[in-house]
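What follows is a set of notes on a single structure, which appears directly below.
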Amino acid sequence: MISPAARLLVLAPEAGDHRARAFCLGAPAGWQVTLLTPLPGQRPTATETRDGEIRELRIGVEIPPEGRLAAAGIAGDAMLFGLAAAAARPGPLRRQAEALADAADLVLHLSPWSASLLARPPAEIYAPRGLMLAAALAGLQGDRLGEAWERIWQLEAALCGRARLVLAPGAAAAAGLGLLFDLPPARLRDAALGLRAEDAALPPPLPAGRRLCLAVNDYAIGGGRSGGAIRSRAMLDGLGRDTLLLTLGDQPAVTPLAPRLLEVVVPRGAAQRVAMADLRALAPAPMEDVLAAAHVGGDAALRRLLASLAPRAEALVFEQCYMAPLLTPLRRAAGPVPVIYHAHNLEAALKRDLLGAHPLAAVAVEAAGGLERELALAADLVLCCSEEDAAALRALGGQAQVLMVPHDALLDDGPPEMPAPEGPPRIGFIGSPHPPNRDAARFIRDVLAPALPNAVFEIVGGVCDSLPPGGPPNLRLHGVLAPEAMRAVLGGWRIALNPVAHGGGSSVKLADYLAQGLPVVSTPHGARGSMIAAAGAGILAEREAFVPVLAALLEAPARRDTLAAAARAWWASPARTAPLRLAQEALAALLAVAPPPRPPRHLLVLGSAATEAEAAVLAGTLDGLRPGFDAVDVLLPADLPPGLEAMLCAAATRSLRLPSGPPPPPVPPRQMLVAREEAAILRGFVPGLAGAAPLGLSGLLPPDAAEGRGLAPGFALLLPPGTGWVQLAFAAPAPLRLRLAVAAQDFGLLDLPGTGRVLELELRPGPPGAPLLLQGEVFAADGTAPATGLRLRRLVCGAAGGGPIRAMPLDTDATRLTRAASPEAWLAAARQVAAARGEAERRLLRGAPAPTALAPWLAESLGRYVAVLVPLEAGALAAMLLDPARSPRPRRLGLTLAADAGGGILPEAEASLLAHTDRALLARPGPWPVARGGVLRGFAALRQEAASARHLAAARAALGLERPWLLAAHLTGGMPAGQALHALAAAAGVDLVLAGDGQALRIAPSGRTQSAPIAFAALLCAAAPVCLGLWLPDPVADERALIALAWSVGVPVAADAGNPFARDALGADAEGPARLLADAGLRARLVQAGQARLAAWEQAHATWAD
């Protein structure tokens, strides 16, 4: 137990929040208080001051690039993100905070920025200034706001999960935090009560285990006055369960809608925002819901949030049908819980009615009908607005119970006692801007008001904005009113109208009229789903009869009183709310037989990656795994580069840090071992490489952005048969020494100054027809120890008697060529060499030993996880996590991040650790599935470029595309060569487009050219003129993301048959461009096969670990 004289560390919030000092001054007597205040944007120096018992340390914090919102395309000031990014990096802020935390009993967080600051925090308390999912993002703008929102969610969820106490600013915030983060009442307190002495001995945190209905809708309903928003709020509240409603909006918000109903508005994704803007610019129409359906399935932030909340769900509620694409991932994460479909309309029929001759009407109607059918067939309970809708939904053939719940069954407020209206009779109508309401408002203005000049016609709601200025003198437009003001206006009406003649569902306004005790005149269509006729509270008439019906009713006050009395009687009758009670009972029956919640599924990930490409593979793999786990913890090595750390943290739920371990083995011996194994693998391939020489054989480091090619301490270069001389240009970072030899000809130790050197060597003749092997060893300046850093800038050679001079290509090598040409033979040779490794070689390739602190942490914590995901390249760390003798033993998932360990040799991980996994993904074909996380992530990034049809059309127009065309592209690097391809395209009468590095060049059959800056997505996503195919000529590049993009939009793909990545994607379909242009049937078959492969990739991506 902590001493009453507790040591408290307070982590100050971001600038502008002055609560830190109040908490320090309000700490219980005897507590030792230290306040750590970050100063963002200042140099990382610390200053200390004292004020009585309060010790304050101020430390400057440099904001890393990933913490700058402007770099992420977000406008506004939110220092929280900059501080959170700094807290996630090793540096002065983290070192200072961890030193203070080691000497503290209790840490008070006043903002989510510090959630990832401490690797091993003591007991924690969290005191936010509000519901931070909204408060932290207030005023920010930008298409990538969803990414910032998700980061806040991750930080706050981590803090609320760890905190022993959460101090909430008021009862509403406490209720919201409790529902969002499963906090029991014992872990919540009003922040106004401050800290107490007993807080020094709070028990470890436990979740409340609170089940909830998880509801989704395609638009925000908080504060909305549309019929849909009103009905959604009333229905979700009326079901009487703890409910969390997730909706989409332009700005994030967290809004309590009822004591047990909380709405969380998630910012729409960038692609959906752009598509909505395009729709408004090109062809305005009520299709935002269909656009939402087209994008929510690919909204990674929304899906990850739902995956973390779904395990707490006792039921899934779909408000309308446009979030149906989330049904499968939600069910996978939530398990077999009941699905409720709340159908506001018959969506396909409504879209057909509203869109009429709109150019996208057929597409929208088909999409709405498919979504509606999917949910109706999958649901366990369907709630709808009218008997007509209920009959149509039953006819779809689902097994669900279908119940009609009219609007008036959902409202609580009864008719008020109002004084008798005075003055001219007032007749009113309520309407949102929904098209059927706009039509009804025009009917009132143009027909009813002029025909009945002695009555005053009043219109309330957003529909008023659709009417032009002017109109009859007896027409009043109130616009949108607050609920109390609207009730006051309705209290002065003598008759309420609903002249709606088309549209779906039923009218919420009729329930409002009944609740007010008003006589109603409505069209039969407008009264669908309402009880006004059955209750005797209204008159049904077609529009043509409205004028005489209203005239007669104005002259018959007794008749009006009878209708009003019937409305009041119906409102007081238990029969009015009976449909809602039936819905509550139906849900309770479903929950009574639902299986108990499954135990929490937590995944532990070893966040080890050496390069950005490896981190992309690991993060992409997590994208597929996240929906199957309640939480994903990433364990970060101490030496992980900050940029890679940020990438992995964004793909996980929370991050944990490993303490520093022993240093890794020195680099030179490892590189020498890789070069030796590479040479051994290539030994059998050398005779076939004579024609390709000069060529790097072994010891060449992977190409990078610097000039030339890096060399290992030992390397070998293959020279053509008959070579009599060679010239080599080297660059060195410091003075080095180099030994070169060809067979028995040894050139001795050569000095290389720090500026580099050009060497010219004359060679003795070798065996006729046989290539020569030039071998090199690099030493430090004293000539004793192997050294790194040498770069080969140029190699040229020729025959002794003259002839052509040949240059060695620096962007390829023997490993890349032979592995591309003979992948199976290469892999067999690599496995044979790996099997012959001794223990010393294995230790060198495993990298650094695991830190000693890892073993006790695993013994204490591993039991919390149902699975561990381990990059096998992590060596000793991977071996410790995959140890088959370890108990408890979670499911062990292995992953290789790279196709080789440099030089093409097999990683030691694959050679020794693969047998310890239960399931694995490999970077190359083998005994397990191939890892495609990085490919699918790249595909998603390319597809994001296709968000704006308007922008794509403009880009294609700039290129001058008017006829069918063939695209030849390089995903990275410049444009491919086009001379031979142009001859093929011209013979077929089509354009050739060459693309690379964000530029494209169109070559017409006539030879005329036109260029424009354009992204791949803008080219491939063209509907017309049609792209006949994508040709990828690069023999070695991994362009599978571009292949996936082409498949997704129906473009066939052909590629160099020697490219191993293309062969992995295309299989036996690696055709050439000539057949692609000549055979339309082949193009169709390639598209069909490609789309099937892409679907299989995405399915395997999500289920490989099952």
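The values are calculated or read from the model by the stated rules, or taken from the named source; none is laboratory data. A quick note: this is a predicted structure, and the numbers were derived from the prediction, not measured. Reconstructed Cβ throughout: ideal geometry from the backbone, glycine too, with neighbour counts over all protein chains shown.
Some points to look at:
- When each of 709, 670, 657 is tested for being within 33 Å of the chain's Cα centre (by Cα), touching a residue at least 40 places away in the same chain (Cβ under 8 Å) and crowded, with 19+ Cβ neighbours inside 10 Å, the lone residue that passes is 657.
- Annotation: of all residues in segment 25-70 being among the aliphatic types (A, V, I, L, M), under 27 Å from residue 644 (Cα atoms) and not in a strand (DSSP E or B), the one that is modelled with the highest pLDDT is 63.
- Pick from segment 1016-1041, criterion farther than 22 Å from residue 986 by Cβ and touching a His at 6+ places or on another chain (Cβ under 9 Å), ranking: modelled with the lowest pLDDT: 1018
- Filter pass, residue 784 being among the polar types (S, T, N, Q), more than 27 Å from residue 722 (Cβ to Cβ) and free of Cβ contacts under 8 Å to residues at least 24 places away in the same chain: yes
- Of all the numbered requirements in (1) touching a Leu at 6+ places or on another chain (Cβ under 9 Å); (2) at pLDDT below 95, residue 381 misses one, and that requirement is (2).
- Within segment 864-876, considering residues that are among the aliphatic types (A, V, I, L, M) and under 29 Å from the mean Cα position of the chain (by Cα), the one surrounded by the fewest Cβ atoms within 10 Å (Cβ to Cβ): 866
- Residue ID - nearest to residue 1073 (Cα to Cα), chosen from residues in segment 985-1004 that are surrounded by 17 or more Cβ atoms within 10 Å (Cβ to Cβ) and within 29 Å of the chain's Cα centre (by Cα): 995
- Test for residue 1096: is it exposed (fewer than 15 other Cβ atoms within 10 Å of the Cβ), part of a helix (DSSP H, G or I), hydrophobic (A, V, I, L, M, F, W, C) and at pLDDT 85 or above: yes
- Any hit, segment 107-118, residues being over 25 Å from the mean Cα position of the chain (by Cα), assigned to a loop (DSSP other than H, G, I, E, B) and not assigned by TED's automatic domain parsing to the domain that holds residue 653: yes
- Checked against (1) surrounded by fewer than 16 Cβ atoms within 10 Å (Cβ to Cβ); (2) farther than 24 Å from residue 680 by Cβ; (3) in contact with a Gly (Cβ under 9 Å, 6 or more places away or on another chain), residue 731 meets all criteria but (1).
- Top-ranked residue in segment 496-508 [being modelled with pLDDT of 85 or more and crowded, with 24+ Cβ neighbours inside 10 Å; ranked as nearest to the chain's Cα centre (by Cα)]: 500
- Qualifying residue in segment 450-463 (condition: of a type outside the set (Phe, Trp, Tyr), buried (at least 21 other Cβ atoms within 10 Å of the Cβ) and in contact (Cβ under 8 Å) with a residue 40 or more places away in the chain): yes
- Per-region count, segment 315-368, residues without any contact (Cβ under 8 Å) to a residue 60 or more places away in the chain and of a type in the set (Asp, Glu): 1
- Of the residues making up segment 833-856, those that are touching a residue at least 12 places away in the same chain (Cβ under 8 Å) and either among the polar types (S, T, N, Q) or part of a helix (DSSP H, G or I) (or both) number 12.
- Scan of segment 597-632 for residues that are closer than 17 Å to residue 889 by Cα and either of a type in the set (Asp, Glu) or surrounded by fewer than 20 Cβ atoms within 10 Å (Cβ to Cβ) (or both), ordered by number: 599, 600, 601, 602
- Scanning segment 962-985 for residues that are free of Cβ contacts under 8 Å to residues at least 60 places away in the same chain, among the small types (Gly, Ala, Ser) and in contact with a Gly (Cβ under 8 Å, 6 or more places away or on another chain) yields a count of 1.
- Checking the stated criteria, residue 136 turns out to be out of contact with any Cys (no Cβ under 6 Å at 6 or more places or on another chain), crowded, with 21+ Cβ neighbours inside 10 Å, closer than 17 Å to residue 181 by Cβ and modelled with pLDDT under 85.
- Of the set (1) touching a Pro at 6+ places or on another chain (Cβ under 7 Å); (2) among the charged types (D, E, K, R); (3) under 21 Å from residue 438 (Cβ atoms), all apply to residue 380 but (3).
- When segment 294-322 is filtered for residues that are under 22 Å from residue 355 (Cα atoms), touching a helix residue (DSSP H, G or I) at 6+ places or on another chain (Cβ under 6 Å) and not acidic (Asp, Glu), the ones remaining, listed by number, are 295, 321, 322.
- All positions within segment 786-826 that are in contact with a helix residue (DSSP H, G or I) (Cβ under 8 Å, 6 or more places away or on another chain), of a type outside the set (S, T, N, Q) and either surrounded by 17 or more Cβ atoms within 10 Å (Cβ to Cβ) or outside any helix (DSSP H, G or I) (or both): 786, 787, 814, 817, 819, 820, 826
- One residue stands out in segment 280-290 among those that are in contact (Cβ under 8 Å) with a residue 40 or more places away in the chain and of a type outside the set (Val, Ile, Thr): the one that is surrounded by the most Cβ atoms within 10 Å (Cβ to Cβ), namely 287.
- Within segment 210-269, the residues that satisfy the criterion of being farther than 24 Å from residue 577 by Cα, surrounded by 19 or more Cβ atoms within 10 Å (Cβ to Cβ) and polar (S, T, N, Q) are 217, 247, 255.
- Residue 594 being more than 39 Å from the chain's Cα centre (by Cα), surrounded by fewer than 21 Cβ atoms within 10 Å (Cβ to Cβ) and not polar (S, T, N, Q): no
- Selection over segment 341-390 of residues that are among the hydroxyl-bearing types (Ser, Thr, Tyr) and touching a Ser or Thr at 6+ places or on another chain (Cβ under 6 Å) gives a count of 1.
- Filter pass, residue 567 being assigned by TED's automatic domain parsing to the domain that holds residue 493, free of Cβ contacts under 8 Å to residues at least 12 places away in the same chain and not β-branched (Val, Ile, Thr): no
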